[in-house]
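Throughout, read-outs are computed from the coordinates displayed, never taken from laboratory work. Computed from a prediction, not measured in an experiment: that's the story for all the values here. We place every Cβ from the backbone using ideal geometry, glycine too, and count neighbours over all the protein chains shown.
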Amino acid sequence: MAVSILSAPRAPRYSSAVKTSLGFLAVAVICLLFADISVTTLDPWSEMKRMAWGALTPDFAAVSGIGLVIVQTIAFALSGVALGAVGGFLLSQVFHLGPVRWVCASARAIHELFWALIFLQILGLSPLTGVLAIAIPYAGICAKVYAETLEEAELPALRSLPKGTGIISAFFFARLPDVWVHLKTYTSYRFECGLRSATVLGFVGLPTLGFHLETAFSEGNYSEAAALLIIFYVLIATLRYWMRPKLVGFYLLAAPFLLGGGQAIELGNIVRFLTVDIVPSPLRQGGLLDGQTWSNMGDWAWTMLVDQALLGMIGTLLLTQIALVATGVLALVLFPLVSQKFFGPAGRTVGHVFLVVLRSTPEFILAYIFLQLWGPSMLPAIVALSLHNGAIIGHLVGRFSDEVRLRPDSPRGLNLYGFEIVPRIYGQFLAFLFYRWEVIMRETAILGILGIATLGFYIDSALSDIRLDRAMILIVVTAILNMGIDALSRRIRSRLHLSTQAGRA
């Protein structure tokens, strides 16, 4: 959705925006001093050569039976997004209520992979695990976006309704038709995100493209991995051709039957999870009225806070702030590639392809690739998060820059970039970046599953040791931290008078 300069709220002063940016840059530099960015692999250049050769020689013969996997990946994405969109639409009608907003914020603050790890303990490796892992956070996201769209839309049709028109009739005949295109467009984008999420869920064992990607990388079959990535890019690039509106109904009916089989869901596992597994161990071992039990509970909670939660939060915040600034720098470098102000049609086509590849590749997969090169430090995560999010913001800023009106005597080249375009798009650039801050935090936490020292590392360790009480506490800490970043981001955007349209763009 294009963002119009004329419709944007009052622009921030350029000096205030720059001062804020310099403050974040200073914080990132300080964080970098404490971050682990070491290269621990013995011969990274040799591995990089093997990966490069694999990228140049994709082995499609090794993935000849991948058709069913592609269908299942689409089925997981479609089922999860459809359930999330319906749930989000219903929640958007009562989103103005405080408890609903907090429930939605909590749901979207937890990454899809964390939801998958939770449901693996309850439902096992069943299709419902993957569908719910996508549907729950997406419902929280869609509820927020749908509610904001309904609230901010201009609805002249409402004023023409006769007196006494019921709320339901007014909604379906006046409000909904006016915003339907926007809701449909956003839901289509959310389905593209769902394809990426479904792919990543393969890394925890679900039968999607990610499962085969993880296997190919772990075995060093880089030609096969390249073929799988190319198939994924083609799947995303051709989305508009095979996801036709007339076919959506058929796809929705067929998707549940294409998810594949899995282990049976046992009610006993669900009851045990809710009543035993996630209850802190001191409370399971003693009586609730016993003073010693609560003393042990205090010791347990303090140990969890100091030895795991605090260390995980520090690692997550360090990585988030470094990745946020690196994302901003990269976005400012990349946006001219797709801007009409700097390149012609041929150059912009190359730029679009480059950015599409970067932003279509899930950051989890990018981090996994770089992990093979450099080892489990923060360096692979910083590069992966910066490339993925920088490409997304660079694409949006490039489109925004097309709407800047230049004077006939405007400079060219670097002067045009530095003195004309950047100052005039900087406010919207910051709006995109700060809106993305929450997303980067979610992505940072989940990268701990790969061995990087963030909250996800401690969560994954707790799950591996079957200490579900610890895992759930750490997941709650992750959600609270993410909601705190979201609240801080909103406050900064409000103080700088940044555009509220960034999220829906």
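Place a label point 7 angstrom from the Cα of Ser16 along the Cα-to-Cβ direction, then list the residues of segment 394-430 whose backbone nitrogen is under 13 Å away. The answer is 427, whose backbone nitrogens lie closer than 13 Å to the label point. Here the simple spin-label model places points 7 Å from the Cα toward Cβ, and for Phe250 and Val329 these points are separated by 5.0 nm. Full extension of the segment from Val94 to Arg467, taken as 0.36 nm per residue of separation minus the current Cα-Cα distance, would add 130.6 nm.
One decimal place: the segment Leu414-Leu25 gains 137.8 nm when fully extended, by the rule 0.36 nm per residue minus the C-alpha distance. Let me make sure I get this right: for the chain, a, b and c are the square roots of the gyration tensor eigenvalues over alpha carbons, sorted descending. Under 1.5 in a/c it's rounded, otherwise prolate if a/b > b/c, else oblate. Which is it? It is rounded, given that a/c, with a ≥ b ≥ c, falls under 1.5.
Val356 to Leu274: FRET efficiency via 1/(1 + (r/R0)^6), r the Cβ-Cβ distance, R0 35 Å, to the nearest 0.05? For R0 = 35 Å, the calculated efficiency reads 0.25. In the neighborhood of Met243, defined by Cβ-to-Cβ distances under 14 Å, what is the net charge if each Lys or Arg adds +1 and each Asp or Glu adds -1? That sum, taken over residues with Cβ under 14 Å, equals +4. Panel note: the C-alpha atoms of segment 239-398, placed on their principal axes, show extents of 75, 44, 28 Å (largest first).
Each peptide in 442-450, 266-274 gets a packing score, the mean of other Cβ atoms within 10 Å over its residues, and the list from highest to lowest is 442-450, 266-274. If you take the beta carbon distance between Arg491 and Trp102 as r and set R0 to 30 Å, what does 1/(1 + (r/R0)^6) give as a FRET efficiency, to the nearest 0.05? Taking R0 as 30 Å, the efficiency between Arg491 and Trp102 is 0.95. Paramagnetic label reach from Gln285 (point 7 Å along Cα→Cβ; backbone nitrogen cut-off under 17 Å): within segment 467-494, residues 467-471.
Computed from label points 7 Å out along Cα-Cβ, the spacing between Glu148 and Arg407 is 3.5 nm.
From least to most packed, judged by other beta carbons within 10 angstrom and beginning with the fewest, Arg490, Arg436 follow the order Arg490, Arg436. Across the chain, C-alpha contacts under 8 Å between residues 6 or more apart give a mean separation that, scaled by the residue count, equals a relative contact order of 24 percent. Electrostatic tally near Gly124: other residues with Cβ closer than 15 Å to its Cβ, Lys and Arg +1, Asp and Glu -1, net -1. When you count the other C-beta atoms within 10 angstrom of each residue and take the mean per peptide, 17-26, 116-125 line up highest first as 116-125, 17-26. Entry note, the chain: the mean residue ellipticity at 222 nm calculated from DSSP H runs of n ≥ 4, each adding -39500 (n - 2.57), is -22500 deg cm²/dmol after division by the residues and rounding to the nearest 500. Taking other C-beta atoms within 10 Å as the exposure proxy, Glu47, Glu438 rank Glu47, Glu438 from fewest upward. Remark: relative contact order (segment 63-264) = 32 percent; criterion is Cα-Cα distance under 8 angstrom and separation of 6 or more residues.
Listed by Cβ neighbour count within 10 Å, with the fewest neighbours leading, Cys104, Cys193, Cys142, Cys31 appear as Cys193, Cys31, Cys104, Cys142. With K and R counted +1 and D and E -1, the other residues having a Cβ less than 13 Å from that of Leu488 yield a net charge of +2. Around the Cα centre of segment 63-264, unit charges on the Cβ atoms of Lys, Arg, Asp and Glu (plus for the first two, minus for the last two) sum to a dipole of about 620 debye. Annotation: peptides 222-234, 414-426, ranked by per-residue average of other Cβ atoms within 10 Å with the highest first, follow the order 222-234, 414-426. Zone of Thr57 (label point 7 Å along Cα→Cβ, backbone N under 14 Å): which residues in segment 211-227? Flagged as within label range: 221-227.
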